[in-house]
Amino acid sequence: MNRITYSRAQDVDDAVHQLGIINNAKLIAGGTNLLDLMKINVMQPDHLIDVNHIGFNTITAEANGWLNLGAMVTNADTAYHEAVVRQYPLLSEAMLSAASAQLRNMATNGGNLMQRTRCYYFYDTAMPCNKRKPGSGCAAIDGFNRMHAILGNSAQCIAVHPSDMAVALTALDAVVCVSGPGSAREIPITSFYRLPGEDPHIDNNLGPDEIITGIKLPPSGFSKHYSYLKLRDRPSYAFALVSVAAALELDTNHKILKARIALGGVAHKPWRMPEVEVRLEGKLAAADIFRETAEMLLEGAQGYGHNNFKIELAKRAIVRALEQAVNKQAES
Ligand code: SF4
């Protein structure tokens with residue numbers, strides 16, 4: 001049995017302060033991932049700082065048209081919030097495709113962004129894993145790697161990021177608001193996550209004493225033409241083999257004015273290539289154009305045996321998601 005201590009943070013400054021002075025402490029809110037990891041000794045904090053009472057538990061519209069999702073708002077309350085459903089249906093759709101109703105009722109927005117990979121070997125303390133134990137090796141590269149990454153990998157880790165919410169937020173150009181010792185900053189979500197490189201134990205660019213306080217969404221929510229396509233082994237309560245968040249702005253002749261495409265289940269971070277999206281501008285929204293786009297997005301993709309199928313699966317999913325986005329109004 002591992003002994004742990006517990007404290008409740010009074011506000012964000014208190015949480016940051018405790019994080020800075022207590023050795024091997026972790027923040028806990030919904031606990032839907034952290035407690036699982038603690039039970040199997042994958043994460044072994046000595047102390048838990050409860051942040052459920054520090055505020056940041058509302059969704060608020062800002063004067064400049066942005067929407068701020070508090071970090072402590074649950075995934076369920078976010079996905080069903082009137083402003084999210086109306087202005088950012090892509091996000092709502094992605095969040096409702098994740099986990100189960102019970103988990104969405106407990107999991108917070110901040111916690112969702114911080115969830116760890118579901119690589120089987122990361123969860124198995126008998127196996128080498130550079131993310132769990134730096135320098136121990138990677139059991140997935142020559143192991144059973146059906147769920148693993150095909151883009152942006154390193155020789156140290158081929159894990160994928162598991163969050164559906166993060167994929168939609170990436171397509172929507174969301175910004176992560178964080179507080180640290182004496183200061184606050186905003187990190188575009190496209191810079192929040194990182195590729196594994198030589199240090200795959202680091203999932204993101206959040207500082208060690210920083211805490212997520214909110215997620216901001218820009219005014220443009222692509223609410224007319226969007227699709228979150230999630231392909232998985234069973235229709236619910238499963239992580240994506242491949243997912244696509246597609247958002248389009250079209251003129252009346254189906255010419256593309258703007259395009260956003262983010263992929264999940266394929267890399268250590270939600271995968272996005274703005275330079276490919278720009279090439280769609282001014283083109284007609286048609287299957288052959290979408291296939292060209294898919295080829296560009298998957299350029300350089302590499303399988304490791306069991307996950308080779310993901311390369312073609314991702315290409316087809318991109319085409320289908322973009323077609324669904326075009327036809328969204330007709331469907332609804
Ligand atoms: Fe660990 Fe990453 Fe290898 Fe999985 S893929 S075993 S998380 S190092």
Note to self: Tell me the relative contact order for segment 5-52 as a rounded percent, counting alpha carbon contacts under 8 Å between residues six or more apart.
What the structure shows: 56
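Taking every DSSP beta bridge with both residues inside the chain, roughly what % is antiparallel (nearest 5)? The partial results should precede the final answer.
On the way: 39 of 47 bridges.
Roughly 85 percent of the beta bridges in the chain run antiparallel, per DSSP.
Considering only the other residues whose Cβ falls under 12 Å of the Cβ of H17, what net charge follows from Lys and Arg at +1 and Asp and Glu at -1? Mind dumping the intermediate values first?
On the way: positive: none; negative: D11, D13, D14, D209.
Once all neighbours under 12 Å are counted, the net charge is -4.
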Margin query: If I take every Cα pair under 8 Å that is 6 or more residues apart in the chain, average their sequence separation and divide by the length, what percent do I get for the relative contact order?
Written below: 17
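Could you tell me the relative contact order of segment 1-128? Use alpha-carbon pairs under 8 Å, at least six residues apart, and round to a whole percent.
Numbers: 179 pairs, mean separation 32.6, N = 128.
For segment 1-128, the relative contact order is 25 percent.
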Next item on the list: Order the peptides 50-58, 110-118 from the highest to the lowest mean number of other Cβ atoms within 10 Å of their residues.
Entry: 110-118, 50-58
Checklist line | Karplus-derived 3J(HN,Hα), 6.51/-1.76/1.60, for each residue of segment 243-260, Hz, glycine and proline x | finding: 9, 9, 9, 10, 9, 10, 10, 10, 8, 5, 9, 6, 8, 7, 8, 9, 9, 9
Check: D50's amide H: which non-local residues (gap 5+, or another chain) put their own amide H closer than 5 Å, with H modeled 1.01 Å from N in plane and none for Pro or chain starts?
Finding: S7, R8, A9, I28
Note to self: Compute the helix-to-body angle for 287-297: its Cα long axis versus the longest principal axis of the chain, expressed 0 to 90° and rounded to tens.
What the structure shows: 40
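Answer rounded, prolate or oblate for segment 246-332, using the Cα gyration tensor with square roots of eigenvalues a ≥ b ≥ c: rounded when a/c is under 1.5, else prolate when a/b is larger than b/c, else oblate. Mind showing how you got there, number by number?
Details: a/c = 2.21, a/b = 1.84, b/c = 1.20.
Note, shape of segment 246-332 comes out prolate.
Counting helices only, and only those DSSP H runs with n ≥ 4, report the 222 nm mean residue ellipticity of the chain as the sum of -39,500 (n - 2.57) divided by its residues, in deg cm²/dmol to the nearest 500. Present the calculation step by step, with values, prior to reporting the outcome.
On the way: 14 runs with 103 residues, N = 332.
Result for the chain, helices only: -8000 deg cm²/dmol.
Using the Cα centre as the reference, give the magnitude of the dipole from point charges on the C-beta atoms of segment 56-212 (Lys, Arg: +1; Asp, Glu: -1; all else neutral), rounded to the nearest 20 debye.
Numbers: 10 positive and 14 negative charges, 77 e Å.
In debye, rounded to 20, segment 56-212 gives about 380.
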Note to self: What do you get for the angle between helix 12-21 and the principal long axis of the chain? Use alpha-carbon atoms, 0 to 90 degrees, nearest ten.
What the structure shows: 60
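Going through segment 44-96, which GluC sites (Glu not before Pro) have at most 11 other Cβ atoms within 10 Å and a DSSP loop state?
E62
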Notebook entry, point to check: For segment 5-52, rounded, prolate or oblate, judged on the Cα gyration tensor with a ≥ b ≥ c (square roots of eigenvalues), a/c < 1.5 rounded, else prolate if a/b > b/c?
Noted result: oblate
Margin query: Rounded, prolate or oblate for the chain? Axes are the square roots of the Cα gyration tensor eigenvalues, ordered a ≥ b ≥ c, and the cut-off for rounded is a/c under 1.5.
Written below: oblate
Notebook entry, point to check: Using 7 Å Cα-to-Cβ label points, what is the L35/D50 separation (nm, one decimal)?
Noted result: 1.2
Next item on the list: May I ask you to order 141-148, 247-254 by the average number of other C-beta atoms within 10 Å around their residues, highest value first?
Entry: 141-148, 247-254
Check: Pulled fully out, how much extra length does the chain show between H201 and E82, if you take 0.36 nm times their separation in residues and subtract their Cα-Cα distance?
Finding: 39.1 nm
Notebook entry, point to check: What is the magnitude of the charge dipole of the chain about its Cα centre, with +1 placed on the Cβ of each Lys and Arg, -1 on the Cβ of each Asp and Glu, and no other charges, expressed in debye to the nearest 20?
Noted result: 700
Next item on the list: Give the residue from I22, H306, V278 lying farthest towards the positive end of the charge dipole for the chain; charges sit on Cβ (+1 for Lys and Arg, -1 for Asp and Glu) and the dipole is referred to the Cα centre.
Entry: H306
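Whole number please: convex hull volume per residue of the Cα set in segment 293-332, in Å³?
Taking only Cα atoms, segment 293-332 has a hull volume of 54 Å³ per residue.
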Notebook entry, point to check: Separation of segment 176-237 and segment 114-144 by C-alpha centroid, Å?
Noted result: 22
Next item on the list: Would you mind getting me the FRET efficiency between N57 and D209? Use the beta-carbon distance for r and R0 = 22 Å, nearest 0.05.
Entry: 0.50
Next item on the list: Give, in nm to one decimal, the length gained when the segment between I311 and S183 is fully stretched (0.36 nm per residue of separation minus the Cα-Cα distance).
Entry: 41.9 nm
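A short reminder: the numbers here are calculations on the coordinates, not readings from a lab. A quick note: this is a predicted structure, and the numbers were derived from the prediction, not measured. Glycine also receives a Cβ, built like all others from the backbone with ideal geometry; neighbour counts cover every protein chain displayed.
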